[in-house]
Amino acid sequence: MAAEKEISITSYEEFLNEKKIMGTLCKECNHIDLPPRQICSKCLSTNVEWKELSQNGTIETFTNIHVSTTPFIQRGYDMKHPHYYAIVKLPEGPMISVQLVGFDPSKPETVEVGTPVTASFIPTKEGMLLAFEPTSKAEEAEKIAEDYKIKKVAVIGAGTMGAGIAQVVAESGVKVVVTDVADEFLQKGLNTIKKFVTRSVDKGKISQVQADAILGRIEGSLDLNAVKDADIVIEAAPENMNLKKKIFSDLDNICKPDAIIGTNTSSLSITEIASATKRPENVVGVHFFNPAPIMKLVELIRGYNTSDETYETVQAFVKKLGKTVALVNEAPGFIVNRILAPMINEAIIALQEGVASAEGIDTAMKLGLNHPMGPLTLADFIGLDVVLDILNYLYEEFGDPKYKACSLLKKMVRAGQLGRKTRKGFYDYSK
Amino acid sequence: MGKLLRNVAVVGAGVSNFGNFPRKTNRELWVEAFLDAKNSVDNGIDQKDVEALFLGNYSSDLFEKQGHLAPLMADLVGLAPKAALKIEDACASSGVALRMGVLAIASGMYDVVCVGGTEKMNTLSTAEVTDVLASASDKHTEIFGGSTFPGLYAAIATAHMAKYGTTPEMLMAYSIKAHNNGALNPKAQMPLTVTEIMSRRIRRAKEKGISIPLWADEYEFLKSNYNPMIAYPLRLFDCSLITDGASCVFLAAEEVAKRYTDTPIWIIGSGQGSDTFALDDRTTMTSLNAARVASQQAYKMAGLGPQDIQIAEVHDCFSIAEIIAIEDLGFFEQGTGGKVTQEGRTALDGEMPINTSGGLKTKGHPVGATGVAQAVEIFKQLRGEAEKRQVPDVEIGLTHNVGGTGGTAVVHIYRR
């Protein structure tokens, strides 16, 4: 409770993490100080207590900053510039220095002294940063948040993707339950999360308190019934249509009637998976990328029956996770794999025709297109069998020869040279 | 209260060259300033006469990773084993050091002291320098709110514009005036007028064969992309420079001052104030209360008022800072600082010449050295030694040195 916390800047920031703006109220003269002070700035009394302040205010003055400091001193948060800085006056009297969000950064003339603004919190690796946005936008967002309140999430499968997704959800402040069929898999997944979060503490990106809070939001279970009170369920089981259909049919019986069931499939048909349920309108594709805690993109796939409401709820939810959404109407390979697989295939064809060496192809694509890694290195990373599966699937779905896997790729898969996981692919990883 | 127990004079004053010197550290900058000041003493001064060093420096530890600066600087100029101490009050460090030197002599503790300031800033990238400077503002509110020093002064500018109708053109008039003065100061970092900078840009563009617009006047240039926005409404030419430099003065008690010179410059007023640390805790954002408090103390001690001051070096870390400074010091009415600047009333030939040295804008702003560098300019002006930028027949001058966004302000009044 507020009253029990010592009056300190640390407590103030912990309150911000709970999305509360807490100042001190002087019991002698009723003056409010923000951030909190142990000695009232007006009458110098030490008889002060916590006071939660309004989250609406007006802009007292502002600027639009083009040359910023480094993330080092911004609670690890990389301020995009130009960005707005403002002093906001709260109705109770005190003013506070904050970042402004939701205004067009290229048009400082659109911001005015006196504009009403509402608190909005920016999650950073070191906790919440207090920011304010135009009140009009905040009201809109609040309406959406009220309509689609998500309190609990379930993730089916504690593999690499499942564990990663659960971690992202927990980091956003939402409770999550992870289920798997075997204790061995479940423990492995939970340990992966723990290691990742602990490493963030070691690197100084988050505090131990924050790490404990994140881990405290994650629950593991071997019983699928544990998902019964979840608002959103994300299935991250192996890529097998029959398995997924079985899970969705079970989930349909267990989940709340209005729960949304998403699948993290990277290629299978959402429409077909949804057909295993009596609520295909509540089924959607939520495709995270590996490693989920780091990769910013989520492809949101709309199946044949997915409703607008489901789609919008999940879209808002994914944004809340700090991810960027790419909207996709269901089609084989969605966006990323549809374009990536033929690109990798073309790179392998070029290699096979002797256009350039593997290193040459990768260097050219890296430096020529500013890709972080070349297509052949990436193929080794993904696994050549997976690449081949995707190509075969695209070819089968479209029937277009442009998706046909090249012979070298097939040969390498047959030879068991699958990339990093077998220590040999286009490159040798045995050393 | 509010009195010096004996009179204190400046008997020598000097500065290093100001600029970006990749091959100089605080050591060389300081020795250069010390020797310049030593050579300025009419009858000479010996290191053995000096009883203590008061050194202003903001952050040699962050800029250069060299701490414990005062004994190091004392040692390099032969002042050891005399007392040496460093004073840190952000950009007001050496202004406060000067005040401490004055108090030390007035108290009777010392007869002769050396007061200096030094800052080596061009060791880091601009973003990292911004980090170091930002640490002089409130970490938990202003910095986490995304602000920077230019950002905080920009917020002051926005408030001043909203309240008094100050315009970007008024800020530009400040910048043009600052460059006109700086062009006459051989030690300045950027001794060029805005017109000269414009013709350089045109020449460079012609050499490169890129087309550039023809600017009708300085204002058109200052509104163009050649003067990029730093923090709205402040552009590049509204901001002071990142400077390597040092400054030094010798102070002497009245009993011994005549030994060193026949024309000592007396420090007749000294004041210092503080304020709520964060800008957002202030009742006004268009005035620095610390500066008002400091100037009132100094005026009272000197028995003078703003109307008696003939020349002033004020802390123009940003254009808006000079505008509010000349209001806070009582030279002009609250809210009219921008207007009078545009009317030329603060120019070298105006009724109240401000920052004849070129100010922090063109002379440069080695933060810890600035306060004493201001005193050096007033020393030269009052002794008629300011060469091309000399204001004729000035007897009384003032310096105004601000730390942070006015968490600290220190004002001194000088008389020939």
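The values are calculated or read from the model by the stated rules, or taken from the named source; none is laboratory data. Every value quoted in this text rests on a predicted model; they were computed, and no experiment measured them. Note that each Cβ is placed from the backbone with ideal geometry, even for glycine, and that neighbours are counted across all protein chains shown. All accessible areas refer to the heavy atoms of the entire protein, side chains included, with ligands and DNA or RNA removed. Shrake-Rupley method; radii C 1.70, N 1.55, O 1.52, S 1.80 Å.
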Which distance in Å, rounded to a whole number, links the C-alpha centroids of region B:187-242 and region A:191-260? 57 Å
Heavy-atom accessible surface, probe 1.4 Å, ligands and DNA/RNA ignored: which residues of region B:227-260 lose at least 30 Å² versus the isolated chain? B:229, B:230, B:232
For residue A:42, the aspartates and glutamates lying under 18 Å Cα to Cα, once residues fewer than eight places off in the same chain are dropped, come out as A:28, A:33, A:92, B:275, B:280, B:281
Stretchable slack from residue A:46 to residue A:241, in nm (0.36 nm times residue separation minus alpha-carbon distance): 63.5 nm
Got a sec? Which residues of region A:95-114 lose 20 Å² or more of accessible surface with every protein chain in place, vs. that chain alone, 1.4 Å probe? A:95, A:97, A:108, A:113
Positive dipole terminus of region B:1-156, leading residue within B:77, B:126, B:112 (C-beta point charges): B:112
Read phi for every residue in region A:231-243 and hand back ³J(HN,Hα) as whole Hz from Karplus 6.51 cos²θ - 1.76 cosθ + 1.60, θ = phi - 60°, with x for Gly and Pro. 8, 9, 10, 10, 8, 9, 8, x, 6, 9, 4, 5, 4
Would you calculate the separation in nanometres between label points at residue A:294 and residue B:39, each defined as 7 Å from the Cα along the Cα-to-beta-carbon direction? 5.8 nm
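Across peptide A:51-62, how many C-beta atoms of other chains are within 10 Å of each residue C-beta, on average?
Working: counts 0, 0, 0, 0, 0, 0, 0, 0, 2, 8, 15, 7.
Average per residue, whole number: 3.
From other protein chains only, count the Cβ atoms within 10 Å of every residue's Cβ in A:124-131, then give the mean. Please report the intermediate quantities before stating the final value.
On the way: counts 1, 0, 1, 1, 1, 3, 3, 3.
Mean shielding by partner chains, rounded to a whole number: 2.
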What is the angle, in °, between the Cα long axis of helix A:358-369 and the longest principal axis of the Cα atoms in chain A? Nearest 10 is fine, range 0 to 90. 40 degrees
If you take the charge dipole of the protein assembly as shown about its Cα centre, with +1 on Lys and Arg Cβ and -1 on Asp and Glu Cβ, which of B:297, A:425, B:103 is farthest toward its positive end? A:425
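Carbon and sulfur: what percent of chain A's accessible surface (1.4 Å probe)?
Numbers: 10980 of 20820 Å².
Reported share for carbon and sulfur atoms: 53 percent.
Please figure out what share of the DSSP beta bridges in region A:211-311 is antiparallel and state it in percent, rounded to the nearest 5.
Roughly 35 percent of the DSSP beta bridges within region A:211-311 come out antiparallel.
Test of understanding: express the Cα radius of gyration of chain A as a ratio to 2.2 N^0.38 Å, with N the residue count.
Details: Rg = 25.4 Å, N = 431, 2.2 N^0.38 = 22.1 Å.
Dividing the Cα radius of gyration by 2.2 N^0.38 Å gives 1.15.
Shielding of B:152-162 by partners, i.e. mean partner chain Cβ atoms within 10 Å per residue? Let's see the in-between values first.
Values: counts 6, 1, 8, 9, 3, 2, 12, 6, 1, 2, 7.
The mean count of partner-chain Cβ atoms within 10 Å per residue comes to 5.
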Orphan Cys of chain A, criterion: no other Cys C-beta under 4.7 Å: A:255, A:406
Amide H of residue B:84: which non-local residues (sequence gap of 5 or more, or other chain) have their own amide H closer than 5 Å, using H built in the peptide plane? B:53
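Roll a 1.4 angstrom probe over the protein heavy atoms and tell me the percent of accessible area of region B:171-265 that is carbon or sulfur.
Values: 2190 of 4170 Å².
Answer for region B:171-265 is 52 percent, counting heavy atoms of protein chains only.
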Flagged as over-length at 29 Å C-alpha distance, from A:20/A:205; A:246/A:411; A:89/A:323; B:86/B:388; A:19/B:65, the pairs are A:246/A:411; A:89/A:323; B:86/B:388; A:19/B:65
As a test question: what accessible area, to the nearest 10 Å², does residue A:389 have when a 1.4 Å probe is rolled over all protein chains in place? 100 Å²
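Give, in nm to one decimal, the length gained when the segment between residue A:309 and residue A:353 is fully stretched (0.36 nm per residue of separation minus the Cα-Cα distance).
Values: separation 44, 0.36 × 44 = 15.84 nm, distance 4.98 nm.
Here the segment from residue A:309 to residue A:353 would lengthen by 10.9 nm.
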May I ask you to give the solvent-accessible area per residue for region A:175-265, in square angstrom, as obtained with a 1.4 angstrom probe? 51 Å²
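Specify whether the C-alpha gyration tensor of region B:138-178 places it in the rounded, prolate or oblate class, a ≥ b ≥ c being the square roots of the eigenvalues: rounded for a/c under 1.5, otherwise prolate if a/b is larger than b/c and oblate if not. Let's see the in-between values first.
Details: a/c = 4.46, a/b = 1.94, b/c = 2.30.
Here region B:138-178 falls in the oblate category.
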Taking 0.36 nm per residue of sequence separation and subtracting the Cα-Cα distance, how much length would be gained by fully extending the chain between residue A:225 and residue A:56, in nm to one decimal? 56.7 nm
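Round to a whole number: what % of the accessible area of region B:277-325 belongs to carbon and sulfur, probe 1.4 Å? Each step should come with its number before you reach the end.
Working: 770 of 1510 Å².
Summing carbon and sulfur atoms, their accessible area is 51 percent of the total for region B:277-325.
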Find the sum over both chains of the accessible area lost when B and A are paired, probe 1.4 Å, and report it in Å² to the nearest 100. 2600 Å²
Cα-based Rg (one decimal) and Dmax (whole number) for chain B, in Å? 20.1, 66
With a Förster distance of 56 angstrom and the Cβ-Cβ distance between residue A:201 and residue B:395, calculated FRET efficiency to the nearest 0.05 equals 0.30
Could you rank A:135, B:243 by how accessible they are, 1.4 Å probe, largest area first? A:135, B:243
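Taking every DSSP beta bridge with both residues inside chain B, roughly what % is antiparallel (nearest 5)?
Values: 38 of 52 bridges.
Around 75 percent antiparallel, to the nearest 5.
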Beyond 22 Å, how much of the Cα-Cα pair distribution for region A:200-349 remains, as a whole percent? 46 percent
Please calculate the 1.4 Å probe accessible area of residue A:107, with all protein chains present, and give it to the nearest 10 Å². 90 Å²
Spin-label point model (7 Å from Cα, Cβ direction): what's the residue B:5 to residue B:256 distance in nm? 1.6 nm
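Where both partners of a DSSP beta bridge lie in the protein assembly as shown, what percent of those bridges are antiparallel, to the nearest 5? Don't skip to the end; give the middle numbers.
Numbers: 77 of 119 bridges.
Taking every DSSP beta bridge within the protein assembly as shown, about 65 percent pair in antiparallel fashion.
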Quick one: compute the contact order of chain A, relative version, from alpha carbon pairs under 8 angstrom and 6+ residues apart, as a percent. 8 percent
